[in-house]
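Enquirer: Please find one structure pasted underneath; my questions will follow.
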Amino acid sequence: KISLQLAGQVDDTAARMAATSQAHDEARHFYVMRDYLALLKHNKRGIPKPVSQALEMVLSTDNLAKKLLGMQLMVEPVALTIFQEVRRVSPEPVLSELLRYFERDEARHVALGVHHLPDVVKDLGPLQITSLIIWQMKLFMLELHGLRELKNDFEILGLDIENIFLLAEQKQLAALQDFVKELGISPKVWKPIQYFIRFQKKRLLS
């Protein structure tokens, strides 16, 4: 749904095509994983409430900068991290092979945010940038709470929640630093955010 919204909101032809392609990717991820779990006779379980709230934040905002930042540079890196780590421990060979394709798609999705978000935010004023950063921090906290609620599930797979978070954080910061570099701003602008992230991680995951 978010990818389709982006395809309708962006006004750059290449970005619109990328967002449209992403919508097809996400639909394919959904039905393939749904069918895979059905074959396993998986008992359906709702996703953690903080995860639903985070996705709803991105889905419900009409602000294109927030939608691009949230989806491409905050949600996608976490998804990519989880796919890579589950494939690394390889709990089941078919799943591991499927996730290889998922990873390839997700890496391309992050690139859309890195390359198009600078065009969207270049004319924003200080108050709008501040609003964007505050919104990002709220989204980050929901992601962190969602990961914490999945701690037992990760441990069953042989994964450490703190390592998952560290890898996801590294991907998010790398994407954000690439974004500000494209914008012509020093990557150091994200240092305070990095300190905030690490403080909250220590507080909630320890």
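Enquirer: Name the residue, out of 59, 99, that is open to solvent by less than 30 Å² (accessible area, probe 1.4 Å) and in a helix (DSSP H, G or I). Step through it out loud before you land on a result.
Expert: On the way: 59 fails: open to solvent by less than 30 Å² (accessible area, probe 1.4 Å).
Checking each option against the conditions leaves just 99.
Enquirer: Quick check on my filter: what residues within the range 39-56 are part of a helix (DSSP H, G or I) and open to solvent by 70 Å² or more (accessible area, probe 1.4 Å)? Working first, answer last.
Expert: Initial filter on the range 39-56 (part of a helix (DSSP H, G or I)): 39, 49-56.
Within the range 39-56, 39, 49, 53, 56 qualify.
Enquirer: Something else: Based on this model, can you work out whether residue 33 counts as open to solvent by less than 50 Å² (accessible area, probe 1.4 Å) and closer than 25 Å to residue 166 by Cα? Let's see the steps before the verdict.
Expert: Working: open to solvent by less than 50 Å² (accessible area, probe 1.4 Å): yes; closer than 25 Å to residue 166 by Cα: no.
It is false that residue 33 is open to solvent by less than 50 Å² (accessible area, probe 1.4 Å) and closer than 25 Å to residue 166 by Cα.
Enquirer: Have a look at 80, 117, 55, 139 and point out the one that is within 25 Å of residue 13 (Cα to Cα) and touching a residue at least 12 places away in the same chain (Cβ under 8 Å). Full working, then the answer.
Expert: Values: 80 fails: within 25 Å of residue 13 (Cα to Cα); 55 fails: within 25 Å of residue 13 (Cα to Cα); 139 fails: within 25 Å of residue 13 (Cα to Cα).
One residue alone meets the criteria, 117.
Enquirer: Shifting gears a bit: Considering only the range 108-141, state which residues are hydrophobic (A, V, I, L, M, F, W, C) and closer than 14 Å to residue 71 by Cβ. Even if it seems obvious, please write down each step before you answer.
Expert: Let us first name the residues in the range 108-141 that are hydrophobic (A, V, I, L, M, F, W, C), namely 110-112, 114, 117, 120-121, 124, 127, 129, 132-135, 137, 139-141.
Hits for the range 108-141 are 110, 111, 112, 114, 117, 120, 132, 135, 139, 140.
Enquirer: Looking at the range 121-154 only, could you name the residues that are open to solvent by 40 Å² or more (accessible area, probe 1.4 Å), farther than 18 Å from residue 167 by Cβ and more than 18 Å from the chain's Cα centre (by Cα)?
Expert: 122, 123, 124, 126, 127, 128, 129, 130, 131, 152, listed by residue number.
Enquirer: Got a sec? Which of 13, 20 is of a type in the set (Val, Ile, Thr), more than 20 Å from the chain's Cα centre (by Cα) and under 21 Å from residue 67 (Cα atoms)? So that I can check it myself, show each step before the final result.
Expert: On the way: 20 fails: more than 20 Å from the chain's Cα centre (by Cα).
Of 13, 20, the one residue that is of a type in the set (Val, Ile, Thr), more than 20 Å from the chain's Cα centre (by Cα) and under 21 Å from residue 67 (Cα atoms) is 13.
The values are calculated or read from the model by the stated rules, or taken from the named source; none is laboratory data. No experiment lies behind these values; they were computed from the predicted model shown. With ideal geometry, Cβ positions are generated from the backbone for all residues, glycine too; neighbour counts draw on all protein chains shown. Ligands, DNA and RNA are excluded from the accessible area calculation, which covers all protein heavy atoms including side chains. Shrake-Rupley method; radii C 1.70, N 1.55, O 1.52, S 1.80 Å.
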